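The values are calculated or read from the model by the stated rules, or taken from the named source; none is laboratory data. The structure presented is a predicted model; accordingly, all values stated were derived computationally and were not measured. No Cβ is skipped: glycine too gets one built from the backbone with ideal geometry, and neighbour counts run over all protein chains shown. Keep in mind that these areas ignore ligands, DNA and RNA; they rest on the heavy atoms of the full protein, side chains included. Shrake-Rupley method; radii C 1.70, N 1.55, O 1.52, S 1.80 Å.
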Amino acid sequence: MRKVGEDVSEVLDYIPGRFEVIRHIRPAFSCRACESMVQMPMPSLPIERGRPSPGLLAHILVSKYCDHTPLYRQAGIYARNWVGKSVWIAAPLVEAIGDHVMAAAALHGDDTPVPVLAPGAGKTKTGRLWVYLRDERPHAGPAPPAVIYRYSADRKGEHPRRHLARFRGFLHADGYAGFGPLYQAGGGKPANVAEVFCWAHVRRKFHDLHLTGSPLAKEALDRIGRLFDIERAAHGLPPDMRRRIRQSRAVPLIEELTGFLDATLRKLSGKSELAGAIRYARSRWKALTRYLTDGRLEISNNAAERAAAIYTLIETAKLNGLDPEAYLRDVLGRIADHPINRIAELLPWNIDRARPRVAA
């Protein structure tokens, strides 16, 4: 007889306090003389072609009919146990990714509100999801891209300061005050983190005013747009080349933009919205222009904002009982032609309820 292979089957079994996957290995042998094959038969299972063992089924039945634990509650318990076990097993991998992210010379950081189920209340509360992204692809860096998310129940500044306690380098972020202490020197030592402010945030303020018909806002918007045009041409090039391109092409535009904004501000009422948008930009000028001197830096923080936005959609869809993949497929197929004044129709709790839903 010679061994020709083996089949592996897996059965879910329950052992008090935990679940286990039991693997049945069935070697197959063939006769060298007649070529006939023999194999140990597959153990009989209570449910044909099913995975649960008699032990798991017995535990479910006793829990329901003896301990009076409804099936939906058992499902929640099992889901927590399995998810919790998976998270525990994967924790070293998650932390290794975090170490890789925090070792970067430059990070993108952002936060976004996320709905969270309030225990026992059947309602949701608002938590915060913090995203930290390392991505060297725009300047042809060798490190693999990676992102790590951290959750907090509120938006206090202590959270990002704790998350970034080990980080040393440049941080692309918005003007959130909680990041402020990271940029401050102390004890005679320079700050560990240098702020790189996002031009997309500045551009957004002028864009909103442009929609009201302001020609000066349109002029500022066009000037900022030319800076982004330069970045598209420099994307993917090595840092030194990106810096040289910025120095030769972007620096003169920045100088012209500085003069335009300052001259415009002197002509405006201090209470006007356009004056507020100009002051918002000029008060952050050092952090806005830092990207000009280092080719590893970016003109905007859009990379982190995109990551946080998609996570928000996925988690909110799940909280509303939707299959997130089906929800995103549906939304992405409809949103381009959907009227903006009816965008609420595409929210997870309003969209067609006939779409696939997550099992209870």
Every pair of residues 6+ apart whose Cβ atoms lie under 9 Å, when the first sits in the stretch 232-258 and is of a type in the set (Asp, Glu) while the second is assigned to a helix (DSSP H, G or I): GLU256/ARG223
Can you say whether ALA287 is in a helix (DSSP H, G or I), open to solvent by less than 20 Å² (accessible area, probe 1.4 Å) and out of contact with any Leu (no Cβ under 6 Å at 6 or more places or on another chain), as far as the supplied structure shows? yes
Could you say which residue among ARG168, ARG134, ARG150 is more than 18 Å from GLU305 (Cα to Cα) and surrounded by 12 or more Cβ atoms within 10 Å (Cβ to Cβ)? ARG168
For the stretch 106-127, the count of residues that are under 24 Å from LEU182 (Cα atoms) and open to solvent by less than 40 Å² (accessible area, probe 1.4 Å) equals 8
Is it the case that PRO142 is at pLDDT 95 or above and either of a type outside the set (S, T, N, Q) or not in a loop (DSSP other than H, G, I, E, B) (or both)? no
Yes/no for ASP13 being in a strand (DSSP E or B), closer than 29 Å to ILE89 by Cα and modelled with pLDDT of 60 or more: yes
The condition of being touching a helix residue (DSSP H, G or I) at 6+ places or on another chain (Cβ under 7 Å), open to solvent by 30 Å² or more (accessible area, probe 1.4 Å), in a helix (DSSP H, G or I) and over 21 Å from VAL116 (Cβ atoms) holds, among LEU265, LEU313, only for LEU265
Could you list, ordered by first residue, the pairs with Cβ atoms under 9 Å in which the first is in the stretch 99-120 and without any contact (Cβ under 8 Å) to a residue 40 or more places away in the chain and the second is assigned to a strand (DSSP E or B) and hydrophobic (A, V, I, L, M, F, W, C), at least 6 apart or interchain? none
All but one of (1) surrounded by fewer than 19 Cβ atoms within 10 Å (Cβ to Cβ); (2) in a helix (DSSP H, G or I); (3) touching a Phe, Trp or Tyr at 6+ places or on another chain (Cβ under 6 Å); (4) not polar (S, T, N, Q) hold for ALA220; which doesn't? (1)
Filtered residues of the stretch 285-311 (kept if under 16 Å from ILE230 (Cβ atoms) and at pLDDT below 95): ASN302
Of the residues in the stretch 91-128, how many are hydrophobic (A, V, I, L, M, F, W, C) and within 28 Å of ASP294 (Cβ to Cβ)? 9
Selection from the stretch 117-132 of residues more than 16 Å from the chain's Cα centre (by Cα) and of a type in the set (A, V, I, L, M, F, W, C) yields LEU117, ALA118, ALA121
What residue, of GLY98, GLY109, is part of a helix (DSSP H, G or I), touching a strand residue (DSSP E or B) at 6+ places or on another chain (Cβ under 8 Å) and not aromatic (Phe, Trp, Tyr)? GLY98
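Residue by residue, here is whether (1) open to solvent by less than 40 Å² (accessible area, probe 1.4 Å); (2) over 30 Å from ASP135 (Cβ atoms); (3) at pLDDT 75 or above holds:
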site: MET1; (1), (2), (3): no, yes, no
site: VAL8; (1), (2), (3): no, yes, no
site: CYS34; (1), (2), (3): no, yes, yes
site: PRO46; (1), (2), (3): no, yes, no
site: PRO52; (1), (2), (3): yes, yes, no
site: ARG73; (1), (2), (3): no, yes, yes
site: GLY76; (1), (2), (3): yes, yes, yes
site: LYS85; (1), (2), (3): no, yes, no
